[in-house]
Amino acid sequence: SPMDFEGIKKIILDNKIKIVVVGPEVPLVSGITDFLKSDKELDTSVIGPTKYAAQLEGSKFFAKEFMKRNNIPTAKFCEFTSKTILEGYDFLERIDPPYVLKADGLAAGKGVLIIDNIAQAKEELKQMLLNEKFGEASKRVIIEEHLEGIELSCFVLTDGKYGLVLPMAKDYKRIGEGDKGLNTGGMGAISPVPFVDSKLMNKIKTKIISPTLNGIKKEKIYYKGFIFIGLIIAKGEPKVIEYNVRMGDPETQVVIPRIKNDLLDIFIAVSEQKLNKIKLEIESRSASSIIAVSQGYPEQYQKGYQISGIENVNNALIFHSGTTKKNNKTLTSGGRVLAITGFGNNFVDALRVSYKEIQKIQFNGMNYRKDIGFDL
Ligand code: AMP
Ligand code: GLY
């Protein structure tokens, strides 16, 4: 478990591991970087921010205040606790729907509610603040302005001194076609994002990425690792929806395969604070990734079904997430089971490849969205 810090320390010592790249946010927010860095027995570089820095994802309020101090465009907001719930109701009365309510802390991607109806918004605010709907995470709630626009994911790797901007990606979060239905971890992704032209890219760099990196430096926040900036482009202007202190899933499955450099060189440069020496080489072709999920996901689903046809996929990368091996057979063991990444000269061609290849794979109840990229 990534939360078993002592267990991880033992693996590092037993295997003489020199660099640890932390994937998920929960151990980061819980301080795994601080733990590994402060241990006298270890001499390991950690790619992942400290507990303090990880609040950029672990506390929406921390992130909002950081953006405010550093003039980074984001939705206007107010924060409320159980003591100020009446002011929260008042605030909802004064703003227009839809109402965006966010639990301050980590809630496994479930802590954001977007509600049209005022009575329901007040009820949810009460559930979050007084009845701990999301536990500790909703002891504080952010209510923010609703932004209308198209979303994209921006990734930056920093060594605390220098930053590398990685390829942009767009993910598809809803379970259903046409982006309908429940939120998931992500059902597919493409990279690059065709509507990000050089003009928009420059705006993102000057208004979002630079002030974020400068803010981290200026505020002496120790940050070595990935920053995932969730953006919304509203009337041509980029605004930050959220920071994550890691890569994204399934964005990683289209972003990393487009980086031609050896990743190890990049990680060594991060640990030595020499990221300025790295010249990124990016694959000019597009990548698309489709996620095969278990029937029922993101709600209840069955596991343990045999997966067949993987060996027939010859023109795409396959990433395993919810799989396990038993008696030499590959079985499903999670909600999001596999990601299939194909390449093409543009995102349409890349999708054609991914869709052709995914059809070679079968398991009982296998489901995937047939419309990734539909909106573009
Ligand atoms: P988050 O967990 O902050 O990424 O929010 C989850 C999703 O809610 C985002 O991917 C957006 O689709 C949506 N969302 C969050 N904040 C806003 C906002 N201020 N306006 C419109 N949509 C939002
Ligand atoms: N795909 C969104 C995330 O990893 O949070």
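Beyond a 21 Å Cα-Cα separation, which of these cross-linked pairs lie in this structure: 126/180; 68/218; 76/220; 76/102; 139/220; 76/239? Please list the in-between numbers first.
On the way: 126/180 27 Å; 68/218 14 Å; 76/220 25 Å; 76/102 13 Å; 139/220 28 Å; 76/239 11 Å.
From the list (126/180; 68/218; 76/220; 76/102; 139/220; 76/239), the Cα-Cα distance tops 21 Å for 126/180; 76/220; 139/220.
Taking the solvent-accessible surface of protein heavy atoms with a 1.4 Å probe, what is the per residue accessible area of the chain in Å²?
Working: 18210 Å² over 376 residues.
Using a 1.4 Å probe on heavy atoms only, each residue of the chain averages 48 Å².
What span do the alpha-carbon atoms of the range 69-170 cover on each of the three principal axes, reported in whole Å from largest to smallest?
If we take the Cα atoms of the range 69-170, the spans are 45, 28, 26 Å.
If you take the square roots of the eigenvalues of the alpha-carbon gyration tensor of the chain and sort them as a ≥ b ≥ c, do you get rounded (a/c under 1.5), prolate (a/b over b/c) or oblate? Provide the component values of the computation, followed by the final result.
Details: a/c = 1.36, a/b = 1.16, b/c = 1.18.
Because its axes are fairly even, with a/c under 1.5, the chain counts as rounded.
Under 8 Å for C-alpha pairs, at least 6 residues apart: give me the relative contact order for the range 37-131, rounded to a whole percent.
Working: 73 pairs, mean separation 22.1, N = 95.
After rounding, I find 23 percent.
Any idea which of 58, 350, 81 is furthest toward the positive side of the dipole for the chain, if Lys and Arg beta-carbons carry +1 and Asp and Glu beta-carbons -1?
So the residue we want is 350.
Roughly how much of residue 203 is accessible, in Å² to the nearest 10, using a 1.4 Å probe?
50
Among the DSSP beta bridges whose two residues both lie in the chain, what percent are antiparallel, rounded to the nearest 5?
Details: 61 of 65 bridges.
Restricted to the chain, the bridges split so that about 95 percent are antiparallel.
Would you work out the relative contact order for the chain, in percent, from Cα pairs under 8 angstrom that are 6 or more residues apart?
On the way: 790 pairs, mean separation 56.5, N = 376.
Result for the chain is 15 percent.
Rounded to whole Hz and in sequence order, give me ³J(HN,Hα) for the range 290-297 from the Karplus expression 6.51 cos²θ - 1.76 cosθ + 1.60, θ = phi - 60°, writing x for Gly and Pro.
Running phi through 6.51 cos²θ - 1.76 cosθ + 1.60 with θ = phi - 60° gives 10, 9, 8, 10, 6, 4, x, 4 Hz.
On the full set of protein chains, 1.4 Å probe, figure out the accessible area of residue 252 and give it in Å² to the nearest 10.
40
Residue by residue through the range 93-103, which ³J(HN,Hα) values in whole Hz follow from phi under the Karplus form 6.51 cos²θ - 1.76 cosθ + 1.60 (θ = phi - 60°), with glycine and proline marked x?
4, 8, 9, 8, x, x, 8, 10, 10, 10, 5
Could you tell me which GluC sites (Glu not before Pro) in the range 36-114 are loop residues by DSSP with no more than 10 other beta carbons within 10 angstrom of their beta carbon?
Numbers: sites: 41, 57, 65, 79, 87, 93; in loops: 41.
Here the GluC sites (Glu not before Pro) that fit, given the DSSP loop and packing criteria, are 41.
Based on the alpha-carbon gyration tensor of the range 188-275 and its eigenvalue square roots a ≥ b ≥ c, which shape applies: rounded if a/c is under 1.5, prolate if not and a/b is larger than b/c, or oblate? Before the final figure, lay out each step's value.
On the way: a/c = 1.82, a/b = 1.16, b/c = 1.57.
Oblate is the answer for the range 188-275, as a/c is 1.5 or above yet b/c matches or exceeds a/b.
Compute, for the range 1-138, the length of the dipole vector about the Cα centre, with Cβ point charges of +1 (Lys, Arg) and -1 (Asp, Glu) only. Units Debye, rounded to 20.
Taking the Cα centre of the range 1-138 as origin, the dipole is about 320 debye.
Expressed as a rounded percentage, what relative contact order does the range 215-294 have, with Cα pairs under 8 Å and six or more residues apart? Display every interim value, and only then the final one.
Values: 70 pairs, mean separation 19.3, N = 80.
Computed value for the range 215-294: 24 percent relative contact order.
I'd like the Karplus ³J(HN,Hα) series for the range 126-140: coefficients 6.51, -1.76, 1.60, θ = phi - 60°, whole numbers in Hz, and an x wherever there's a Gly or Pro.
Ordered by residue, 3J(HN,Hα) equals 5, 4, 6, 7, 9, 9, 6, 3, 10, x, 3, 4, 9, 5, 10 Hz.
I'd like the carbon and sulfur percentage of the solvent accessible area for the range 282-376, probe radius 1.4 Å, heavy atoms only, ligands and nucleic acids excluded.
On the way: 2080 of 4950 Å².
Carbon and sulfur: 42 percent of the exposed surface of the range 282-376.
Mind ranking 368, 222 by accessible surface for me, highest first, 1.4 Å probe? Mind dumping the intermediate values first?
Working: 368 30, 222 100 Å².
So, going from the largest accessible area down, we get 222, 368.
Hey, what number do you get for the chain at 222 nm if only DSSP H runs of n ≥ 4 count, each worth -39500 (n - 2.57), divided across all residues, to the nearest 500?
Numbers: 12 runs with 99 residues, N = 376.
My calculation for the chain gives -7000 deg cm²/dmol from helical runs alone.
The values are calculated or read from the model by the stated rules, or taken from the named source; none is laboratory data. Small disclaimer: the values here were computed from a predicted structure and weren't measured. We place every Cβ from the backbone using ideal geometry, glycine too, and count neighbours over all the protein chains shown. For the accessible areas, the whole protein counts, side chains as well, though only heavy atoms, and no ligand, DNA or RNA atoms are used. Shrake-Rupley method; radii C 1.70, N 1.55, O 1.52, S 1.80 Å.
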